[in-house]
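In what follows, a structure is listed as structure tokens, so that the remarks can point back to it.
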Amino acid sequence: MQELFDRGPDPRQSEEWKNMTDKKLHRLVLAALFTALTTVMTMVIQVPSPMQGYVNLGDCGVLLSAWVLGPAWGGAAAGIGSMLADLLSGYAHYAPGTLVIKTCMAVAAALILRAFQRGDRPSLAGQLAGGAAAGTILVAGYFGYACLLLGKGLAAAASIPGNIVQAVFGLAAAVAVMQVLIRSGSLARARNS
């Protein structure tokens, strides 16, 4: 009768299972960290824009989330972190749009960086192309959201210059931080552990 209950060693105790669990947990913790980082970077400096929004440092966090975590985890961290910042800063009317726009930005930036990557190091050209695509999504996304869903009509075009400045500044900051992460070896450790 005991043979029916004896299944042998628990497969969850194998070394392979532990490594897989450790990697998943590590990725989850990094995603939570980048979610919080994106929220804080969005909230630290807020320059009001003409369309009841604000220009901020959050796009640096969005791009870093994408480039370090990849499209799925990076998109989730970027979208949720940016949306939380809107909710905590009193811009709840922008939160649904922000979730979608920032997630799309991060997914595009991550996929483009991946397409440009050769070897272990992310390419600067991939970062610039991914950041440019993300910036285009930012400008077009917020224009469309304010124009169509918030009812601002063509007056939403007033936010375009501020969003362009935000996209350029976010890209420049993210590229600078990414170069530091690459040169210090921190990026390789974050991706491989």
* Structure fact -> For region 72-193, the accessible surface attributable to carbon and sulfur atoms (probe 1.4 angstrom, ligands and nucleic acids excluded) amounts in percent to 73
* To do: Give me the accessible area per residue for region 41-193, probe 1.4 Å, as a whole number in Å².
  => 45
* Shape category assigned to region 147-193 from the gyration tensor of Cα positions, a/c cut at 1.5 -> oblate
* Structure fact -> Those trypsin sites (Lys or Arg not before Pro) from region 62-157 that are DSSP loop and have at most 14 other Cβ neighbours within 10 Å turn out to be R118
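The values are calculated or read from the model by the stated rules, or taken from the named source; none is laboratory data. In this text, all values refer to a predicted model and were calculated from it rather than measured experimentally. FYI the Cβ positions are ideal-geometry reconstructions off the backbone, even for glycines, and counts take in every protein chain you see. The area values use the complete protein model at the heavy-atom level, side chains included, leaving out ligands, DNA and RNA. Shrake-Rupley method; radii C 1.70, N 1.55, O 1.52, S 1.80 Å.
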